[in-house]
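A.B. asks: Quick one: structure below, then a few questions.
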Amino acid sequence: MKAVIHTKYGPPEVLQLKEVEKPTPKDNEVLIKVYTTTMNRTDCGFRSAVYFISRFFSGLLKPKYQTLGCEFAGVIEEVGKDVTSFKIGEKVFGYNDTKFGAHAEYMTMAENEAIVTIPSDLSFEDAAPITEGAHYALCDIRAAKVKSGQNVMIYGATGAIGSAAVQLAKYFGAKVTAVCNTKNVELLKSLGADVVIDYQKQDFTKTDQTFDFVFDAVGKSSFGACKPLLNKNGIYISTELGKNGENIFLALITPILGGKKVLFPLPTINKEDVVFLKGLVESGKFKPVIDRRYTLAQIVEAAKYVETGQKTGNVVITVA
Ligand SMILES: NC(=O)c1ccc[n+]([C@@H]2O[C@H](COP(=O)([O-])OP(=O)(O)OC[C@H]3O[C@@H](n4cnc5c(N)ncnc54)[C@H](OP(=O)(O)O)[C@@H]3O)[C@@H](O)[C@H]2O)c1
């Protein structure tokens, strides 16, 4: 089968499209023919290993799993003998950031992992980008215990995480203020944001509103800059470690001190989360934003674009 492999950590050019052996599902696994995958910040982070910590999961000196791709949408082609919850021919989507594998024509998943059937009438292209940004956003929104009537600010609201966070915070009943570039103001209104601040026209920290939760979905701000925006017991979460890893330190100290605090939840995902996101897609409460489309042969260009840090939502890769 065709697969994109990388035998060493490095820039997008380490990705190579090769012929490799088709995987064989174990007794508890399904074999998926991948139709659509994505290129996202998780794939890029594990490929570049710029954050050394990722190597503790993906291999200290070289990648343990050579094919990246954490999001997938495709069709079950084979089932292991112990599999009971999936049938050959079913359309499925999901997420795997432990052994990845979706940048290929075929991949395997254990049936109890983050894989579910595709909502009826949803295309592979719309199903593949449901999980990556949304599960990070969901973890952070759950950690902040966002509930109906709360005032939430989302900075970097047009990334994969931010655009999901706007829709999820609305689903949980919050009043959402989204911060973005001029070109994305209309997009954020269409995603349900109640207030949109164009950071090219206004300093987002100079609003007269205060918030129960400020979520920096692109990791470009700091607790210090956002503290005046928080209510008395307001919560700040960033997707990045911050200057000198300050967000980790602040997440340890500020909850003990009381008042305004920083949280740094570790992201997790399981089958129930994917079922939850599927439900939101089916009920029209969540729709992943798609920016560009590439083919598997254009994977290096796709990675380069994602690494500009300027994509709007998600970048989709067509495999078949
Ligand atoms: N290491 C990992 O494994 C990993 C995995 C996932 C995510 N992350 C981190 O999580 C963050 C978000 O990921 P993502 O995929 O959601 O991001 P993304 O899709 O790459 O975000 C791009 C968006 O960020 C906005 N942006 C860029 N610079 C900005 C700035 N200075 N101020 C405000 N907005 C800015 C842009 O919107 P505008 O055009 O509106 O400015 C763009 O639409 C990133 O920092 C990423 O590194 C890390």
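Taken together, the values in this text are just the output of simple stated rules run on the coordinates, not laboratory data. Worth saying up front: this structure is predicted, and the values here are computed from it rather than measured. Please note: Cβ atoms are built from the backbone with ideal geometry, for glycine as well, and neighbour counts cover all protein chains shown.
A.B. asks: Between Gly173, Gly101, Gly162, which gets the highest mean-square fluctuation from a Gaussian network model of the chain, Cα cutoff 10 Å?
C.D. replies: Among Gly173, Gly101, Gly162, the largest mean-square fluctuation in the Gaussian network model of the chain belongs to Gly173.
A.B. asks: Something else now. Could you work out the Kirkwood radius for the chain, taking every pair of different alpha carbons, averaging 1/r and inverting it, reported in Å?
C.D. replies: Computed over the chain, the radius equals 20.1 Å.
A.B. asks: Where nothing but the Cβ of Lys and Arg (+1) and of Asp and Glu (-1) is charged, how large is the charge dipole of the range 255-320 around its Cα centre, in debye to the nearest 20?
C.D. replies: The calculation lands at about 200 debye.
A.B. asks: Further, regarding this structure: At a threshold of 8 angstrom on Cα-Cα distance, excluding pairs fewer than six apart, so keeping six or more, what relative contact order does the chain reach in percent?
C.D. replies: Relative contact order comes out at 19 percent.
A.B. asks: Using DSSP to define loop residues, name the trypsin sites (Lys or Arg not before Pro) in the range 126-175 whose beta-carbon has at most 16 other beta-carbon atoms within 10 Å.
C.D. replies: Counting only loop positions with at most 16 other Cβ atoms within 10 Å, the trypsin sites (Lys or Arg not before Pro) in the range 126-175 are Lys145, Lys147.
A.B. asks: How charged is the neighbourhood of Thr98? Take every other residue with its Cβ under 12 Å from the Cβ of Thr98, and add Lys/Arg as +1 and Asp/Glu as -1.
C.D. replies: Surrounding charge for Thr98 is 0.
A.B. asks: Follow-up question, since we're still on this one. FRET efficiency for Lys183 and Thr7, Cβ-Cβ distance as r, R0 = 41 Å, nearest 0.05?
C.D. replies: 0.60
A.B. asks: With springs only between Cα atoms under 10 Å apart, run a GNM on the chain and tell me which of Ala302, Ala102, Ala165 wobbles the most.
C.D. replies: Of Ala302, Ala102, Ala165, the most mobile in the Gaussian network model is Ala302.
A.B. asks: Stretch Thr98-Phe249 to full length: gain in nm at 0.36 nm per residue minus the Cα-Cα span?
C.D. replies: Value of the extension gain: 51.7 nm.
A.B. asks: Please list the three semi-axes, largest first and in whole Å, of the ellipsoid equivalent to the range 211-320, using sqrt of 5 times the eigenvalues of its alpha carbon gyration tensor.
C.D. replies: In descending order the semi-axes read 33, 19, 13 Å.
A.B. asks: Also: Can you give the convex hull volume per residue for the Cα atoms of the range 159-216, as a whole number of Å³?
C.D. replies: In the range 159-216, the Cα convex hull volume per residue is 80 Å³.
A.B. asks: Can you show me the helix-derived [θ] at 222 nm for the chain, built from DSSP H runs with n ≥ 4 at -39,500 (n - 2.57) apiece and divided by the number of residues, rounded to the nearest 500.
C.D. replies: -7000 deg cm²/dmol
A.B. asks: If you build a Gaussian network model of the chain, linking Cα atoms that sit under 10 Å apart, which residue out of Pro267, Pro119, Pro11 swings the most?
C.D. replies: Pro267
A.B. asks: Would you calculate the convex hull of the Cα atoms in the range 96-155 and tell me its volume per residue in Å³?
C.D. replies: Per residue, the Cα convex hull of the range 96-155 comes to 162 Å³.
A.B. asks: Modelling each spin label as a point 7 Å along the Cα-to-Cβ direction, I'd like the Gln310/Lys87 distance in nm, to one decimal.
C.D. replies: In this crude label model, Gln310 to Lys87 measures out at 4.9 nm.
A.B. asks: What base-10 log of the normalised intensity I(q)/I(0) is obtained for the range 1-147 from the Debye formula, alpha carbons as equal point scatterers, at q = 0.11, 0.16, 0.18 Å⁻¹?
C.D. replies: -0.43, -0.88, -1.07
A.B. asks: Further, regarding this structure: How would Ile53, Ile154 line up from fewest to most surrounding beta-carbon atoms within 10 angstrom?
C.D. replies: Ordered from fewest to most neighbouring Cβ atoms within 10 Å, Ile53, Ile154 come out as Ile53, Ile154.
A.B. asks: Among the trypsin sites (Lys or Arg not before Pro) within the range 6-90, which fall in a DSSP loop and have no more than 10 other Cβ atoms within 10 Å of their own Cβ?
C.D. replies: Lys81
A.B. asks: Once you have the Cα-Cα distance between Gln200 and Asp27, take 0.36 nm times their residue separation minus that, and quote the gain in nm to one decimal.
C.D. replies: 56.8 nm
A.B. asks: Same structure again: So how much slack lies between Thr207 and Tyr51, counting 0.36 nm per residue of separation and subtracting their Cα-Cα distance, in nm?
C.D. replies: 52.8 nm
A.B. asks: What three numbers, in Å, describe the spread of the alpha carbons of the range 53-138 along their principal axes, ordered from the longest?
C.D. replies: Each principal axis gives a Cα extent; for the range 53-138 these are 41, 33, 22 Å.
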